[in-house]
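A short write-up of the structure that comes next.
The values are calculated or read from the model by the stated rules, or taken from the named source; none is laboratory data. These numbers come from a predicted model, not from an experiment. So basically every Cβ, Gly included, is an ideal-geometry build from the backbone, and we count neighbours across all protein chains shown. Ligands, DNA and RNA are stripped out before the accessible areas are found, and what is left, the full protein with its side chains, is counted by its heavy atoms. Shrake-Rupley method; radii C 1.70, N 1.55, O 1.52, S 1.80 Å.
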Amino acid sequence: MEDKQSPAQPEQPARHRWTWFIVGIMAAVAAVDQVVKQLVLAFLEPGVPVPVVGDWFRLYLLFNPGAAFSMGRNSTWLFTTIQLAFVVGSLIAAPRIRDRWEALGLALIAGGAMGNLIDRLLRDPGFWFGHVVDYISVGRFAVFNIADASITVGVIVFVAAVFASERRSTHGG
């Protein structure tokens with residue numbers, strides 16, 4: 001009797017290797033961000049600090065119409081447009097990513113952008129002009145959320161990956 005093995009599945013082309021990874025991380029970050037925001041909205045009062053580690057780390061609910069550090073308070077529509085463009089651009093770029101760390105960095109940035117984009121599209125005062133729910137307050141630093149933290153970590157990971165890739169290509173490693 002002849003042993004018939006199924007032909008090996010060809011490996012996915014390198015240009016598609018990280019696409020589903022990026023989409024999955026993006027969706028997970030945005031989902032976790034939105035779930036935590038719903039919990040925060042259910043249990044915290046706006047403007048009332050809740051100490052977690054003294055006055056250094058606290059939960060502090062506020063609604064941010066602007067960008068980081070509440071800059072651009074009158075430009076909510078612009079931030080919504082930029083975040084939407086970044087999310088769409090990331091999905092278009094995903095098949096071209098060839099490095100796992102670049103993929104992770106891009107996914108974290110896009111997932112955070114998606115989390116805040118959902119706020120801007122669905123929260124008060126209305127579609128495209130919604131305010132982002134922020135609630136993490138550390139020291140005298142700006143109040144932020146999981147999406148913002150994901151964007152920050154993603155930028156660090158992506159930039160480090162690009163530099164590492166560049167270094168490998170110039171040093172033959």
Ordering 74-83, 34-43, 141-150 by per-residue average of other C-beta atoms within 10 angstrom, highest first, gives 141-150, 74-83, 34-43
Answer in debye to the nearest 20: the dipole magnitude of region 16-171 about its Cα centre, from +1 Lys/Arg and -1 Asp/Glu charges placed on Cβ, is 440 debye
Phi-derived 3J(HN,Hα) across region 26-39 with the Karplus relation (6.51, -1.76, 1.60, θ = phi - 60°), rounded Hz, x for Gly and Pro, is 4, 5, 5, 4, 5, 5, 4, 4, 5, 5, 5, 4, 5, 5
Please arrange 127, 57 by accessible surface area, largest first, computed with a 1.4 Å probe and ligands excluded. 127, 57
Share of region 16-57's accessible area from carbon and sulfur, percent, 1.4 Å? 75 percent
Give me the accessible area per residue for region 68-165, probe 1.4 Å, as a whole number in Å². 51 Å²
For the chain, build the charge dipole from Cβ charges (+1 Lys, Arg; -1 Asp, Glu) around the Cα centre, then report which of 163, 16, 115 sits farthest towards its positive end. 163
What Kirkwood Rh does region 45-154 have if only Cα atoms enter the pairwise 1/r average? Answer in Å. 14.7 Å
Expressed as an acute angle from 0 to 90° and rounded to the nearest 10, what is the orientation of the C-alpha long axis of helix 100-122 relative to the principal long axis of the chain? 40 degrees
What is the percent carbon and sulfur in the accessible area of region 67-113, measuring with a 1.4 Å probe over the protein chains and ignoring ligands? 69 percent
